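Working notes, structure below.
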Amino acid sequence: MTPLERAEARFGWKLVAPTIAILGLLILYPLMYNVYLSFFDVQLNGSKTFVGIENYIKLLSNSDYYSAIATTSLYLLGTVVGTTLLGLAMALLLRDPFMGRGLVNAAIMLPYVAPVISVVFGWQFLFDPISGVVNYLFVDLLGLWSERSNLIGDPDSALWVVVLFDIWKHAPIAYLLILSKLVSISRDQYEAAAIDGYGPIGRFFHVTLPELYFVLATVVLLRLIWNLNRFEDVYLLAPNVETLPIFTYYQAFTGVIDQGLAAATSVIQLGVLSIFIWFYIKKIMKW
Amino acid sequence: MLGKKNIKGRIGFAIAILLLVSFSLLPFAQILSTSLKHQYDWGNPSLIPQSINLDAYKELLGLTEAEKVEIPAAIQKILNNPKLSAEKKQAIAAKYTANDNLFPFGKYMLNSVIFSVGAASFSLVFSVMGAYSISRLRFKGQVVIQRSVLFVYMVGGVLLMVPLYQMAMNVGLASSLWGSAFCLFLIYIVQTLPVGMYMLGNYFRGIPFALEEAAMMDGCSRKEAIIKVVLPLSLPMLATVFIYCFIIGWNEYLFASVFLKQYPEFHTLPLALQELFVSKNAIWDRIMAASMLTLAPIVICFLLASRFMKGGKTDGGVKE
């Protein structure tokens, strides 16, 4: 190592040290501490008693936990499929320049950046059983439902409202990722496919889709990673939809508080999340 | 490709765009519309109010005349008692003049601004340093740090809420007002730091090293080269990262509720709005007006940022 290289390395460490300290202290350490806590009976005031694997036994024999897993799976399935398909459709639709594309772009990006706390109230009003437009549309105008119903009040239908909400909010980011790849596909490939006799649909399946394969996989994986931990979008819109993060939150901070159990839930969830992230780093990461 | 050449294709295209834009904007239109409606108008499915009602906005922004509350005669007698200290008098008078229904929106907004702007500023400084280090300098352990940053970047807050709360409890921070606020501030820095590093790291890599080299040939130290060459070149990205971090803090609810729920005077907007919604003072027009006012700074920031972002739109795409 030359002195110059050594100086560079020292400078590098110096610059990155605060970041390492903060991230280590407030993310990596807590993740390990969480594993430790999962073996204790933990009170809100901080007192702990060692209970071994009792939290895990309690958790795995709790039927609510399994129903939270089922809800989370449906949520993930609905949001991943919905966001990816809508994102793809948007990218295909808005691919070629047209008048006013900038405005359209700004409009469809808005749900993505808007604060969850604000937009949930808009959604709640839309689905309101008395004043909401959705009930008006389906009951009074189209006559598809026989009576007005509280879609957010009933956990079964609320799940699908929450899924729709997530699609609305996160399709724009899928759209951006897909679009950036879509515009890089060369015209030549389409012309060649056209000469081979493929129509628009054939060209989509033989040129566009294979080219997009990688970016679509990225979108799916990222949606899985973010939505497995999604809390606010679900809790603030419909607190009765118990996906895993909400299940954990209730265990940790409301009703009969059991932070040890919540820790155990988080540990298992981190395990699943780590698999997704490992996939992402191995297969997709650009760093 | 979508057959836009003929009339039918054009119409289909226009309808599709219209549907898409309506789907995206409908909830916003609903919020705006309800915030402007009188109560008798709420059940009306039309988005256009029959008559404009600005009361909710006026109330939230403190533009309404404070209602004079009559102090009962008996209390007034006590207040006139010269033996009572001025301090006590004020306390008693406040009890009778305080308007419990009032939602101190301005205070909540200020709290939100302090938390999110403060955290975003710290985060920006640290992420410039960190991102430069891992993208430009070569040293052992660099790859491990890069991957760790990406890893922590994807660990959601939900997995950290219990251990972070317990840690704050152990060191005695969670039981005091300022301690809790400090914890939340640190947490916002941590939540935004990885995304800042990720975005800036990618950006720094795109700046030709020759520029810095030239500056160093002219006698600048490495530090000076960063400040005089790299940072000015990255201004648009720095602004974008700052706005991005600001938005994350502004929108955050989970940790605010864990740490600040019991301290109403420190509530941030998301927490305050949720509390308002579940309280007896929840009235649709007030909630919607508050939502609009919470939304407005973000929309403005977004429009500013999208002007900066023309180039690398997907840089922030992995974080939300």
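Coordinate-derived values only; no laboratory data. All values reported here derive from a predicted model rather than from experimental measurement. Glycine also receives a Cβ, built like all others from the backbone with ideal geometry; neighbour counts cover every protein chain displayed.
Which whole number in µm²/s is D for chain A by Stokes-Einstein, with the Kirkwood Rh taken over Cα pairs at 10 °C and 1.306 mPa s?
Stokes-Einstein gives a translational diffusion coefficient of 70 µm²/s.
Can you list the residues of the range A:225-250 with backbone N under 19 Å from a point 7 Å past the Cα of A:ASP156, pointing along Cα to Cβ?
Output list for this probe position: A:238-243.
If R0 is 30 Å, what FRET efficiency do you get for A:VAL272 and A:ARG101 from their C-beta distance, rounded to 0.05?
The pair A:VAL272/A:ARG101 has a calculated efficiency of 0.15.
I want to make sure I understand the PRE zone here: with the label point 7 angstrom from the Cα of A:PHE279 toward its beta carbon, which residues in the range A:198-231 have backbone N atoms less than 17 Å away?
Of the residues in the range A:198-231, A:213-230 have backbone N under 17 Å from the label point off A:PHE279.
So what's Rg/Rh here for the range A:132-287, counting alpha carbon atoms and using the Kirkwood radius for Rh?
Here the Rg-to-Rh quotient is 1.12.
Give me a comma-separated list of calculated 3J(HN,Hα) values for the range A:71-83, in order, Karplus coefficients 6.51, -1.76, 1.60 applied at θ = phi - 60°, integers in Hz, x for any Gly or Pro.
Per residue, the Karplus-derived 3J(HN,Hα) values read 4, 4, 4, 4, 4, 5, 4, x, 6, 5, 5, x, 5 Hz.
Averaging over all projection directions, find the projected area of the Cα convex hull of the range A:101-216 and quote it in nm² with one decimal place.
10.7
Pop out the ³J(HN,Hα) list for the range A:123-131 in order, Karplus 6.51 cos²θ - 1.76 cosθ + 1.60 with θ = phi - 60°, rounded to Hz; leave Gly and Pro as x.
Values per residue, Gly and Pro as x: 5, 4, 5, 4, 9, 4, x, 9, 9 Hz.
What order, most packed first, do the peptides A:167-173, B:224-230 have when packing is the mean number of other Cβ atoms within 10 Å of each residue?
In decreasing order of mean packing, A:167-173, B:224-230 become A:167-173, B:224-230.
For the protein assembly as shown, max minus min Cα coordinate along each principal axis, in Å, sorted largest first?
92, 70, 59
How large is the convex hull of the Cα atoms of the range B:105-316 per residue, expressed in Å³ as a whole number?
144
So if I average 1/r over every pair of distinct C-alpha atoms in the range A:1-140 and take the inverse, what Kirkwood radius in Å does that give?
About 22.1 Å for the range A:1-140.
Quick check on packing: order B:180-190, A:152-162 by the mean number of other C-beta atoms within 10 Å, highest mean leading.
B:180-190, A:152-162
Most mobile of A:PHE247, A:PHE98, A:PHE40 per a Gaussian network model of chain A (Cα springs, under 10 Å)?
Highest fluctuation among the options: A:PHE98.
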